[in-house]
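Participant: Okay, handing you the structure first.
The values are calculated or read from the model by the stated rules, or taken from the named source; none is laboratory data. Note that the structure is predicted; figures quoted are calculated from it, not measured. Virtual Cβ from ideal backbone geometry, glycine too; neighbours counted across all protein chains shown. Areas reflect the complete protein model, heavy atoms only, side chains present, ligands, DNA and RNA absent. Shrake-Rupley method; radii C 1.70, N 1.55, O 1.52, S 1.80 Å.
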Amino acid sequence: LDTGSKEWKALEATTKGHLSRALAGDNENIVAYTLFALVYMNGSERNRSRLAVAELLLREGDKRNKGFAPLYNAWGLLELKRGNVGIALGKFRDAVKLDPNFVEARMNVGQIVLNFRRYDEAQEHFEFVTKRREVDKKVLYDATVALGVALRGNKKIDEAEAMYGRAREIDPARGEAYYNLGILWKEFRPGANLQDNVKAFGEAKKYFEQYLNKSNVSADLKKEAQDNIEDCNKT
């Protein structure tokens, strides 16, 4: 829902009412503080002052219970909205330390350190998530692709390819695995042998073309894939 829509505003008002009553009945309710903060984070793109209210709620919750991992994960999300990536990473790590089985926090840590090219740490978190039985299909797919990227960064090319293949099995309709297979064959498979190079660029083009046929590909990402196909043709 659009956070500016009437439907969203009605849903938000109802949610705030429930949480306010929960806190009125139990001023120590750490779950209510955390959820209330998350409610205020929604719509902060339109009104940045909502982030200040969210932080106040998180601080009040933290005074009452410093061992609640979801609060620190929410705090990390707040700092991301403010552009404070380093602070956010610290909060996500705190959440994982408090609850090592907290999948969402591990995903958040993994994504940030992956962007920082800390491939070993990213690999550790994404491997953990892919081994959890209760993880839903979307999260499992995201973790599997990200694990492939971490493995590729660690020069474990065959293992990375295997992860992308596993992601395709998890959800063949999504395109990220195909795009990353294209990158792998274009950037990491070519060698000194002309025949091997022809094969590598041919495989890369195949995966980029398959990626273009996926439904979750934006116009910008299509342009990137098309540019990669053109690079393969030129090479």
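Participant: In deg cm²/dmol and to the nearest 500, what is the mean residue ellipticity at 222 nm of the chain if only DSSP H runs of at least 4 residues count, each as -39500 (n - 2.57), divided by the residue total? Walk me through the numbers on the way to the answer.
Facilitator: Numbers: 12 runs with 174 residues, N = 235.
Calculated from helices alone, the mean residue ellipticity at 222 nm is -24000 deg cm²/dmol.
Participant: With a cut-off of at most 13 other beta carbons within 10 Å, and DSSP calling the residue loop, which trypsin sites (Lys or Arg not before Pro) in region 155-204 qualify? Please list them.
Facilitator: Loop-located and lightly packed - LYS155.
Participant: Still on this structure: Helix 194-212 versus the longest principal axis of the chain: what is the Cα-based angle in degrees, 0 to 90, to the nearest 10?
Facilitator: So the inclination is approximately 40 degrees.
Participant: Enter the accessible area per residue of region 1-111 (Å², integer; probe 1.4 Å; all protein chains in place). Please report the intermediate quantities before stating the final value.
Facilitator: Details: 5710 Å² over 111 residues.
Solvent-accessible surface per residue comes out at 51 Å².
Participant: Follow-up. Give a quick list of GluC sites (Glu not before Pro) in region 134-176 that DSSP marks as loop, anything other than H, G, I, E or B, with at most 15 other Cβ atoms within 10 Å.
Facilitator: Taking region 134-176 and a limit of 15 other Cβ atoms within 10 Å, the loop GluC sites (Glu not before Pro) found are GLU134.
Participant: Using alpha carbons only, how many angstrom separate the centre of region 175-235 from the centre of region 1-70?
Facilitator: 44 Å
Participant: Turning to a different aspect of this structure: Quick one: what are the phi-derived ³J(HN,Hα) couplings along region 3-15, Karplus 6.51/-1.76/1.60 with θ = phi - 60°, whole Hz, x for glycine and proline?
Facilitator: Rounded to whole hertz, the list is 5, x, 7, 5, 4, 5, 4, 5, 5, 5, 4, 5, 5.
Participant: Show me the chymotrypsin sites (Phe, Trp or Tyr not before Pro) within region 204-235 that DSSP assigns to loop and that have at most 10 other Cβ atoms within 10 Å of their Cβ.
Facilitator: Of the chymotrypsin sites (Phe, Trp or Tyr not before Pro), not one in the loops of region 204-235 has a Cβ with at most 10 other Cβ atoms within 10 Å.
Participant: Another one. If I stretch the segment between TRP8 and LYS206 completely, what's the gain in nm (0.36 nm per residue apart, minus their alpha carbon distance), one decimal?
Facilitator: That works out to 67.0 nm of additional length.
Participant: Oh, and also: Among ALA22, ALA105, LEU38, which residue has its Cα furthest toward the positive end of the charge dipole of the chain, with +1 on Lys/Arg Cβ and -1 on Asp/Glu Cβ?
Facilitator: Going by the Cα projections, it comes out as ALA22.
Participant: So how exposed is ARG21, as accessible area in Å² (1.4 Å probe, rounded to 10)?
Facilitator: 150 Å²
Participant: A further question follows. Below 8 Å, C-alpha to C-alpha, sequence gap of six or more: please give me the relative contact order for the chain in percent. Intermediate results must be reported in sequence, preceding the final value.
Facilitator: Values: 276 pairs, mean separation 20.8, N = 235.
Dividing the mean separation by the residue count of the chain yields 9 percent.
Participant: Could you sort out which of LYS137/LYS206; LYS131/LYS156; LYS97/LYS137 sit more than 22 Å apart by Cα distance in this structure? Please list the in-between numbers first.
Facilitator: On the way: LYS137/LYS206 26 Å; LYS131/LYS156 19 Å; LYS97/LYS137 25 Å.
Table pairs above 22 Å Cα-Cα are LYS137/LYS206; LYS97/LYS137.
Participant: Report ³J(HN,Hα) in whole Hz for each residue of region 225-232, in order, from the Karplus equation J = 6.51 cos²θ - 1.76 cosθ + 1.60 where θ = phi - 60°; Gly and Pro get x.
Facilitator: 3J(HN,Hα) across region 225-232, in whole Hz: 5, 5, 5, 5, 4, 5, 4, 4.
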